[in-house]
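What follows is one structure encoded as structure tokens, with my remarks underneath.
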Amino acid sequence: MLERVFFLVVPVLWMPLTLLGQQLYVVSFAGVGGPAGAALMATKYLGLFEKYGLNADPVFIAGGARGIQSLLGGSTHFYTGDAIAPMSAALRGGDVVIIGATQNTIPGGLIARKDIRKPSDLMGKKIGIVNFGGSNELSVVLALKKWNIPREAVVILPSGSTADRLSALMRGALDATPLAPPLLFQATRRGMNILIDFEDIAPFPQNSIAVRRSFLRENREKVKSFLQAYSEMVFHLITDKQKATSVYRKGLRQEDPSILEETHSYYRGRLSFPPRVVRGEGMQLAAQMSAQRLGILKSDIDLEQFLDESLTDELEKEGFFKKFVKR
């Protein structure tokens, strides 16, 4: 709770007078273990929102479903998190659309106890995930599909946060769980096995950007400003090692220089610039999972119904992304 108050209140203390009279736009992020939340916080404290004329604050809201509820309820204006939550809301008729993605691979891999060395060793074992209905569950389902292991052959359990699941794995309460850097590195250093790198399965918009369709229509320039600011931050995370490790140190609360360097090296090739959504099997399967839970029986879903990337098209035509690459 204190962290949320910090993000909302402290920036006001140094906010330029030019922004004090402006509308405050709230941006939710769903996770603190990867680059998404760290990048949003850095976009704020490095002045990039201000640079593009946007008065915005990042706020942590645990879980994609809660983030989308806040967006639809008007408590927030931008959602960042996995694409399953906005797709599920759209399938229910919700006023939501995905406008981009800064990460199109599920980070990390499926980590198992020392005695589980190959996928077939998982038969009958317990796999812990954050909760049902998110990219954590999707990553496990995609891995099982790749290995031709029926979902019913394992026990998938909601098991809490990344730190909780790593602790349960070490105690033997879980046999495997999805983990992303930097905790992925901590697990392997303790002898845990990586059964699969999720980059080797289907792409999926792990960190999508969503807004209300009505908000996009009525505030198109503000949404464009957000894309510009956030995209510039992502570009720095890809290309500037010193700035990236500084961002990760602060955002991930990690002081180990070697882990920070590994985290930068890991994510720099997995971030998306420009922030386009990669369509594919991962997104299609996620849409089908969401539809089935809503009682919508469709074998093939048109992914374009969830997307509006017209602002990214516009920025590309204007040469916005190209100027960073040239520089």
Residue set 268, 213, 276; condition more than 25 Å from residue 44 (Cβ to Cβ) and of a type in the set (Lys, Arg); output residue 213
With of a type outside the set (Val, Ile, Thr), free of Cβ contacts under 8 Å to residues at least 40 places away in the same chain and at positive phi as the only criterion, which of 191, 133, 160, 172 stands out?
160
Residues that are assigned by TED's automatic domain parsing to the domain that holds residue 56 and modelled with pLDDT under 95: list the helices (runs of 4 or more DSSP H) wholly contained in region 205-268 that include at least 1 such residues.
220-239, 241-252, 257-268
Would you pick out the residues in region 104-134 that are over 21 Å from residue 186 (Cβ atoms) and out of contact with any helix residue (DSSP H, G or I) (no Cβ under 6 Å at 6 or more places or on another chain)?
104, 118, 120, 121, 122, 124, 125, 131, 132, 133
Just to be sure, is residue 162 under 21 Å from the mean Cα position of the chain (by Cα), at pLDDT 95 or above, buried (at least 20 other Cβ atoms within 10 Å of the Cβ) and not assigned by TED's automatic domain parsing to the domain that holds residue 101?
no
Flag if residue 127 is closer than 23 Å to residue 154 by Cα and assigned by TED's automatic domain parsing to the domain that holds residue 158
yes
Can you tell which of 168, 202 is in contact with a Leu (Cβ under 7 Å, 6 or more places away or on another chain), crowded, with 18+ Cβ neighbours inside 10 Å and assigned to a helix (DSSP H, G or I)?
168
Among the residues of region 181-202, what is the count of those that are touching a Gly at 6+ places or on another chain (Cβ under 6 Å) and either closer than 14 Å to residue 143 by Cβ or in the same structural domain as residue 287 (by TED's automatic domain parsing) (or both)?
5
For a quick check of your reading: which helices (runs of 4 or more DSSP H) sit entirely within region 280-327 and have at least 2 residues that are closer than 27 Å to residue 235 by Cβ and modelled with pLDDT under 95?
281-293, 320-326
Please specify each residue of region 67-85 satisfying the condition of being in contact (Cβ under 8 Å) with a residue 24 or more places away in the chain and in a helix (DSSP H, G or I).
67, 68, 70, 71, 72, 84, 85
Exactly one of (1) part of a helix (DSSP H, G or I); (2) within 19 Å of residue 129 (Cα to Cα); (3) within 18 Å of the chain's Cα centre (by Cα) is unmet by residue 187. Its number?
(3)
For strands (runs of 3 or more DSSP E) lying entirely in region 103-158, having 3 or more residues that are farther than 28 Å from residue 238 by Cβ and out of contact with any strand residue (DSSP E or B) (no Cβ under 8 Å at 6 or more places or on another chain) picks out none
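The values are calculated or read from the model by the stated rules, or taken from the named source; none is laboratory data. All figures in this text were calculated on a predicted structure; none of them were measured in a lab. All Cβ positions, even for glycine, are placed from backbone atoms using ideal geometry, and neighbour counts span all protein chains on display.
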